[in-house]
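**Student:** Please read through the structure below; I'll follow up with questions.
Please treat every number below as a calculation from the coordinates, not as lab data. Bear in mind that the values here come from a model prediction, so they are computed numbers and not experimental data. Neighbour counts run over all protein chains shown; Cβ positions are idealised from the backbone, glycine included.
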Amino acid sequence: MILGFLLVTGLLAPVTSSPSAAAISIDVPSSVEAIFAGGVPETIDDLRAMEHHFHELAIRVRPATVGLRIAGSEGSGVIVSADGLVLTAAHVVGEGAAGRRVDVVLSDGRHVEGETLGADHDSDAALVRLRDSSVWPHVELGHSRNLKSGQWCLATGHPGGYEPGRAPPVRVGRVLRNRGGFVTSDCVLVGGDSGGPLFDMSGRVIGIHSRITRSTAGNLHVQADRFHDGWDRMLGGEVWPEPPPFLGVYLDDRAREARIDEVMGRTPASEAGLKTGDIVLSYDGRTVGDNRELRAALERSKVGDKVKLRVRRGDDAIELEVVLGSRERGR
């Protein structure tokens, strides 16, 4: 209980860091090095030394923690280079291609423009770039391969989404497991924290918040090494695995033919002029007899393909061209 009190009251200092070409870091005092490596505090002096370090670490890393808003969703991220590269979770940026606009909220409340780069959806890892050419406060992308259960860690992010006037809240915990591409910690996280950083006690990023649950033992963070492994591909704007093509219709499963039951708004189908009640007769020259055949034809296509659809609308047969898209997060 004493430790919890010290942590809560010791993390409310203002951010005082200024941009530098060097990554933000902090030395771990020798008096608490063994504790942070997996030990437990035994004296009041240990608790005070830990509290002081948590306080200093929070001040250092908060300026690199950002909020992200993209395509109607919110999350968090962390700046890891002076030229503005931001780590986040792939599910925060969604399944679209690189180059999409991101509203980035800095720790002091300023809004700057960013863009998505690449994403590894298998690992839930993604990169965003800040478009401004400023020198940004940033932290070091560390490594996760040698993390052990019991090591102390610190999490930041924007729980519930960015709130004006609130610095990124800080949570302290321990590493519980490190396997299967994820670090599991007991840091308390909620929605909005996704994409935010998990730090070691030196201020290096060891994970990115991925799967958040109500259980303190169930919060998963993408291992830092997954970002190292896919760095060049993400930096080059590659998104993998390739998202499935998206048309944007619901089919009438009661009908014998491929009848459209509903056209979703702002989708490739709506932009091409498909309407509820249309019956798809052919897909790129191939006859379509029912829903199964239409779905199979769609699965053979790729995002960005131009497809000619022949449909029956009432007594008329018409031809439409559709440019297949990808299903954005939230749809």
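**Student:** Less than 25 Å apart at the alpha-carbon level, and either on another chain or at least 8 residues along: which lysines does that give for Lys275?
**Tutor:** Lys302, Lys306, Lys308
**Student:** If you stretched the chain out fully between Arg300 and Ser149, how much longer would it get, using 0.36 nm times the residue separation minus the C-alpha to C-alpha distance?
**Tutor:** Stretched fully, the Arg300-Ser149 segment lengthens by 49.9 nm.
**Student:** Tell me, what is a quarter of the convex hull surface for the C-alpha atoms of region 245-326, in nm² with one decimal?
**Tutor:** Projected over every direction and averaged, the Cα hull of region 245-326 covers 4.6 nm².
**Student:** What ranking do His52, His121 get, fewest neighbouring Cβ atoms within 10 angstrom at the top?
**Tutor:** Lowest count first: His52, His121.
**Student:** Further question on the same structure: Any idea how far apart Arg100 and Glu242 come out in nm if each label point goes 7 Å out from Cα toward Cβ?
**Tutor:** For the pair Arg100/Glu242, the computed spacing is 1.8 nm.
**Student:** Here's another thing I want to ask about it. Could you check the spin-label model distance between Glu262 and Ala34? Points 7 Å from the Cα along Cα→Cβ, value in nm.
**Tutor:** A separation of 6.3 nm, rounded to one decimal place.
**Student:** Also, I was wondering about something else. Would you kindly derive the ³J(HN,Hα) couplings of region 139-154 from the backbone phi angles with the Karplus curve 6.51 cos²θ - 1.76 cosθ + 1.60 (θ = phi - 60°), listing them in order in whole Hz, with x for Gly and Pro?
**Tutor:** Those phi angles translate into 10, 8, 7, x, 10, 10, 5, 9, 5, 10, 4, x, 5, 7, 8, 9 Hz.
**Student:** Taking the inverse of the average 1/r across all pairs of different Cα atoms in the chain, what Kirkwood radius in Å do you get?
**Tutor:** Its Kirkwood hydrodynamic radius stands at 21.7 Å.
**Student:** At R0 = 30 Å, how high is the FRET efficiency between Arg254 and Glu321 if r is their beta carbon distance? Nearest 0.05 is fine.
**Tutor:** 0.60
**Student:** Also: Per residue of region 199-208, what does 6.51 cos²θ - 1.76 cosθ + 1.60 with θ = phi - 60° give for ³J(HN,Hα)? Whole Hz please, x for Gly and Pro, Karplus curve as stated.
**Tutor:** Per-residue couplings from phi come out as 10, 7, 6, 9, x, 8, 6, 10, x, 10 Hz.
**Student:** Along the principal axes of its C-alpha atoms, what lengths does region 67-136 span, in descending order and rounded to whole Å?
**Tutor:** That gives 31, 23, 18 Å along the principal axes, largest extent first.
**Student:** While we're looking at this one, here's another question. Would you work out if region 143-225 is rounded, prolate or oblate? Take a ≥ b ≥ c from the square roots of the eigenvalues of the alpha-carbon gyration tensor; rounded if a/c is under 1.5, else prolate when a/b is larger than b/c, oblate otherwise.
**Tutor:** prolate
**Student:** Report the full-extension gain for the segment Arg286 to Asp27: residue separation times 0.36 nm, less the Cα-Cα distance, to one decimal in nm.
**Tutor:** Extra length available between Arg286 and Asp27 comes to 86.7 nm.
**Student:** Please compute the length gained on full extension between Trp231 and Thr276, using 0.36 nm multiplied by the number of residues separating them and subtracting their Cα-Cα distance.
**Tutor:** 11.8 nm
**Student:** Here's another thing I want to ask about it. Rounded, prolate or oblate for region 85-174? Axes are the square roots of the Cα gyration tensor eigenvalues, ordered a ≥ b ≥ c, and the cut-off for rounded is a/c under 1.5.
**Tutor:** oblate
**Student:** What are the membrane-span-like helices in the chain by this rule: whole DSSP H runs, Cα extent along the axis at least 18 Å, mean Kyte-Doolittle hydropathy at least -0.5?
**Tutor:** Helices passing the filter in the chain: 44-61.
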